[in-house]
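Undergrad: Right, I'll just put the structure down here and ask away after.
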């Protein structure tokens, strides 16, 4: 994956709103978790845009995102609950692209995708 260009507005939001005052990996993970939980508040549809080795989802599928998985599951990656085969399943947010007009959802997911694509880590 090609690293995206530096986006000053997004960098500012990440540094000043998401990981502000986070001094270690756990605090950065919790900053991301709180931000995403707040922004992804309501159920929405998403397109599976990439495959992930720990997820059964395939590119091209559409899923219902129900919300963030519990914070104790999000210490290494941001996971969301989806409805899949009549049950709830936690999958990486990184493999999903929202299919909604809600700017806060779209922006939050894009922020997470940007963070990962830039090679940043907790």
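Readers should treat all values here as calculations from the given coordinates under stated rules, not as data from a laboratory. These numbers were taken from a predicted model, which means no experiment stands behind them. For neighbour counting, all protein chains shown are included, and Cβ atoms are generated from backbone atoms with ideal geometry for every residue, glycine included.
Undergrad: Kirkwood-based Rg over Rh for the stretch 29-122 (C-alpha set), two decimals?
TA: 0.92
Undergrad: Please arrange 23, 35 by counting, for each residue, the other beta carbons lying within 10 Å of its beta carbon, fewest first.
TA: Numbers: 23 8, 35 19.
Going from least to most buried by this count: 23, 35.
Undergrad: Rounded to the nearest 500, what is the chain's calculated 222 nm mean residue ellipticity when only DSSP H runs of at least 4 contribute -39500 (n - 2.57) each, over all residues?
TA: Rounded to the nearest 500, it is -9000 deg cm²/dmol.
Undergrad: How high is the relative contact order of the stretch 8-117, in percent, counting Cα pairs under 8 Å that sit 6 or more residues apart?
TA: Here the relative contact order equals 24 percent.
Undergrad: Who wins for biggest fluctuation among 79, 93, 57 in a Gaussian network model of the chain, springs between alpha carbons below 10 Å?
TA: Its mean-square fluctuation being the largest, the pick is 57.
Undergrad: Using Cβ contacts closer than 10 Å as the measure, can you line up 68, 78, 16 from fewest to most? All intermediate terms of the calculation are to be shown ahead of the outcome.
TA: Working: 68 22, 78 25, 16 10.
Fewest-to-most ranking of 68, 78, 16: 16, 68, 78.
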